[in-house]
Amino acid sequence: MSTGTVPKPIAGPSNFIDERIGAGTFLKRNLRKVFPDHWSFLLGEIALYSFIILLLTGTFLTFFFKPSMGHTVYEGSYDALKGVTMSEAYASSLHISFDIRGGLLMRQMHHWAALLFTAGMMVHALRVFFTGAYRKPRELNWLIGVLLLTLALLEGLTGYSLPDDLLSGAGLRITEGVAISLPLVGTWITFFLFGGEYPGEDVISRFYSLHILLIPGILLALITAHMILMWVQKHTQMPGKGRTNENVVGAPFYPAFMAKAGAYFMFTFGVIALLGTFAQINPIWLFGPYNPANISAGSQPDFYMGFLEGALRLMPAWEINLFGGSGGTLPLNVLIPALVPMGIIMTGLALYPFLEQWVTGDRREHHVVDRPRNNPHRTSIGMSAITFYGLLWLLGANDEIAAFFSVSLNWTTYVGRVLIFVGPFLAYVITYRTCLGLQRKDADIIGHGVESGVIKRLPSGEYIEVHVPPHPAIEALMRDKKPIPIIAGADSDDPDGDGIPSKGMRSPLGKLRAKMSKAYGGEKIALTDGHGHGHEEHAAVGSGEDDKPSLTH
């Protein structure tokens, strides 16, 4: 991008602002800010635009929803429930669905936007993790992102419970069971949320305050901080030709990026509107009002809470009776599923940038991200976490799996208990070997070139396939691979050559760090491992006299 004359579309508005509030220079500089271009960068924008749609549709719904557990008799348009006693929250949800023009569309768009918001953040977090975009100077932004994801789960839980139908009530009953099982504070938290013994009279109104005021306010503040930090620190870019830690290759914010962002927002809005129109979700009128005495089979929470459901179903019925029962009971069958999976995933995400920095000793700034294959241990850890989450999510529907495939429900549980430990280990091994294989493929392309599809016959009668150099952009992408740093002295017991290990390597923790650094870092498959002899090398197909494979120059 040229840094010469300011384009007229930027200069005009900048002068207008400058003449009135003196911010023209600031506006002019930021409108010309360059943004890199890659399809994976749009994943975070999906979450951002879904949040905007959530605010818009949620504002509409607040005008008609009554957050009250007071009893009323339904006399609305849905004949199947006329004369049924229900809460005012459920009655107002039915009123929105059947009697408010556009109400059902707004409800369904709100629900689909919530799912897309959470899914977008998850996929965006995976993109950042697998490419190493969380490294210095973006650790703080990564922590904000982890907190945003955690709050999104809480926001979904509170919103999911508001209609007070049988499905959401069953989920609320599980929430109450988890809360009351917490040692020391469980009873206080439960009474605070429900206003007394379950189900109480206050949980809907309190969840409503959390859902429309407190959590959205925190989300909005954190998203704003997230965007400001991204703007100040500049966006990461994918490796490639001409891209370094000192520059940004892309298009200016105005008009190029702004036009694309506007179009992508409308596209996201259109998809959510189409889903809200044609894909039914959460038909609360079929479930009926919540009654603690009623129960239903096959009920499942929204996908983002499915892994907690799976953990509860897999956990054996373990509990600890303190002092023979007189000191209370510690229900491990609820505490472990409720706290451990979430703790492993969220705590692991939050600490990983700092753990990786400790292991590698890499304190440099990184503005060009990695290809996942070039950091096989990080990629393998990520795939293990995905497998762990995915198995819990899948086994949250073990009753449906057992019914559909006509297998024992107990056996699905037993198999799940084994897979939850074996699955992540297998995912790690398979991913690690796959990454090394992809690195070898890159080294082979650099050393031999790519197959051209052209077959030649040599004077000797031998047939060869001509290899040609890869496209310059692809070659630059592959050659951008750099060895993963190792802390000084980790690859040697005598880094100074004087017979004395460095001071930091002498303690047990230092020795552990050195071993971890040596295993995690370094060059796994160098580009020269492709036996590079230049792109004039050809692969022999064979001749009539000798069909043994060979290489000719």
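Just so you know, in the range 183-217 the residues that are of a type in the set (A, V, I, L, M, F, W, C) and part of a loop (DSSP other than H, G, I, E, B) include one that is surrounded by the most Cβ atoms within 10 Å (Cβ to Cβ), and it is V185. Among helices (runs of 4 or more DSSP H) entirely within the range 79-182, having at least 3 residues that are under 27 Å from P372 (Cα atoms) and open to solvent by less than 30 Å² (accessible area, probe 1.4 Å) singles out 103-131, 139-161. Contact map, the range 36-47: residues that are open to solvent by 30 Å² or more (accessible area, probe 1.4 Å) paired with residues that are part of a helix (DSSP H, G or I) and modelled with pLDDT under 90, Cβ distance under 9 Å, separation 6+ or inter-chain. Pairs shown: D37/A256; D37/F257. Considering only residues of the range 338-362 that are in contact (Cβ under 8 Å) with a residue 24 or more places away in the chain, open to solvent by 60 Å² or more (accessible area, probe 1.4 Å) and farther than 25 Å from L157 by Cα, which is farthest from the chain's Cα centre (by Cα)? In this case the residue turns out to be W358.
Would you confirm whether any residue within the range 288-309 is surrounded by fewer than 15 Cβ atoms within 10 Å (Cβ to Cβ) and of a type in the set (D, E, K, R)? Looking for residues that are surrounded by fewer than 15 Cβ atoms within 10 Å (Cβ to Cβ) and of a type in the set (D, E, K, R), one finds none in the range 288-309, hence no. Scanning the range 246-303 for residues that are of a type in the set (D, E, K, R) and in a loop (DSSP other than H, G, I, E, B) gives E246, D302.
For every residue, the table says whether it meets (1) assigned to a helix (DSSP H, G or I); (2) closer than 20 Å to I344 by Cβ; (3) aromatic (F, W, Y); (4) touching a strand residue (DSSP E or B) at 6+ places or on another chain (Cβ under 6 Å).
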{"site": "T379", "(1), (2), (3), (4)": "yes, yes, no, no"}
{"site": "I386", "(1), (2), (3), (4)": "yes, yes, no, no"}
{"site": "W393", "(1), (2), (3), (4)": "yes, yes, yes, no"}
{"site": "A427", "(1), (2), (3), (4)": "yes, yes, no, no"}
{"site": "D444", "(1), (2), (3), (4)": "yes, no, no, no"}
{"site": "V466", "(1), (2), (3), (4)": "no, no, no, yes"}
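When we screen L330, L322, L335 for residues that are in contact with a strand residue (DSSP E or B) (Cβ under 8 Å, 6 or more places away or on another chain), surrounded by fewer than 20 Cβ atoms within 10 Å (Cβ to Cβ) and touching a residue at least 24 places away in the same chain (Cβ under 8 Å), the only hit is L330.
Quick grid of which residues meet (1) in contact with a Lys or Arg (Cβ under 7 Å, 6 or more places away or on another chain); (2) among the small types (G, A, S):
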site	(1), (2)
N375	no, no
A385	no, yes
F388	no, no
L391	no, no
D399	no, no
V407	no, no
N410	no, no
T413	yes, no
V429	no, no
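Contact map, the range 434-452: first residue at negative phi, second residue open to solvent by 60 Å² or more (accessible area, probe 1.4 Å), Cβ cut-off under 6 Å, separation 6 or more or different chains; pairs are A443/D529; G447/H531.
The values are calculated or read from the model by the stated rules, or taken from the named source; none is laboratory data. No experiment lies behind these values; they were computed from the predicted model shown. Virtual Cβ from ideal backbone geometry, glycine too; neighbours counted across all protein chains shown. Accessible surface areas use protein heavy atoms only, side chains included; no ligands, DNA or RNA. Shrake-Rupley method; radii C 1.70, N 1.55, O 1.52, S 1.80 Å.
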